[in-house]
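Student: What follows is a structure written as structure tokens; I'll ask about it next.
The values are calculated or read from the model by the stated rules, or taken from the named source; none is laboratory data. None of these values were measured; they are calculated from a predicted model. Every residue, glycine as well, gets a Cβ built from its backbone with ideal geometry; the counts of neighbours run over all protein chains shown.
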Amino acid sequence: MVRDGQGSLPPIRVLIADDDARVRNALRTFLMATHGFEVVGEAGSPQLALEIARDLNPCVAIVDVLMPDAEDGLDLLRVLTAELSVPVIAMSLRSTLGPEALAAGAREFLTKDGYAERLVDALRNACH
């Protein structure tokens, strides 16, 4: 007996953590329109992001490094990667934060004005 969808990969479960609701909405809309992704949660604060990550076990998280300042985003990134083993794609408008985000455990750092294809590739690579 063959079931529908057998052989296809399950969607990549993504948590979006950004203090700007417009950015969260844009990321959610983009990912939901992209085959193979499911947004399982959105958070505007590091505390809510951790709650969601603990409850819903995402495959990967997108974290704004400046939420609302660099230490909040970097601390969230450290907890997600080190304690919860959730791979993180770090993002910021400030490209100078890339080395700090990578040192804190991010799989990849992308600028928010980058190409959408790079985000899709980064998310897929982080989960496989």
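Student: Name every residue in segment 89-108 that is more than 16 Å from Val23 (Cβ to Cβ) and within 11 Å of the chain's Cα centre (by Cα), in order of residue number.
Tutor: Hits for segment 89-108 are Ala106, Arg107, Glu108.
Student: Select from segment 106-120 the residues that are in contact with a Pro (Cβ under 9 Å, 6 or more places away or on another chain) and assigned to a loop (DSSP other than H, G, I, E, B) and write down the one among them that is nearest to Val63 (Cα to Cα).
Tutor: My answer is Ala106.
Student: Could you check, for segment 59-67, whether at least one of its residues is surrounded by fewer than 18 Cβ atoms within 10 Å (Cβ to Cβ) and either in contact (Cβ under 8 Å) with a residue 24 or more places away in the chain or more than 14 Å from Ala122 (Cβ to Cβ) (or both)? If you could, list the steps in order and put the result at the bottom.
Tutor: To start, the set of residues in segment 59-67 that are surrounded by fewer than 18 Cβ atoms within 10 Å (Cβ to Cβ) comprises none.
No: zero hits.
Student: Is there a residue being assigned to a helix (DSSP H, G or I) and surrounded by fewer than 19 Cβ atoms within 10 Å (Cβ to Cβ) anywhere in segment 36-48?
Tutor: yes
Student: Here is a further query. Just one of (1) in a helix (DSSP H, G or I); (2) under 17 Å from Arg22 (Cβ atoms); (3) among the β-branched types (Val, Ile, Thr) trips up Val63, so point out which.
Tutor: The one condition Val63 does not meet is (1).
Student: In segment 27-38, what residues are touching a residue at least 12 places away in the same chain (Cβ under 8 Å) and under 20 Å from Gly114 (Cα atoms)?
Tutor: Selection gives Leu27, Arg28, Phe30, Leu31, Thr34, Phe37.
Student: Among the candidates Ala90, Ala101, single out the residue that is without any contact (Cβ under 8 Å) to a residue 40 or more places away in the chain, assigned to a helix (DSSP H, G or I) and not charged (D, E, K, R).
Tutor: Details: Ala90 fails: assigned to a helix (DSSP H, G or I).
Within the list Ala90, Ala101, the selection yields Ala101.
Student: Another one. Which one of these is under 11 Å from the mean Cα position of the chain (by Cα) and part of a loop (DSSP other than H, G, I, E, B): Pro58, Pro68?
Tutor: Residue meeting the stated conditions: Pro58.
Student: Which number in (1) of a type in the set (D, E, K, R); (2) surrounded by 14 or more Cβ atoms within 10 Å (Cβ to Cβ); (3) modelled with pLDDT of 95 or more marks the one condition that Glu51 misses?
Tutor: All conditions pass for Glu51, except number (2).
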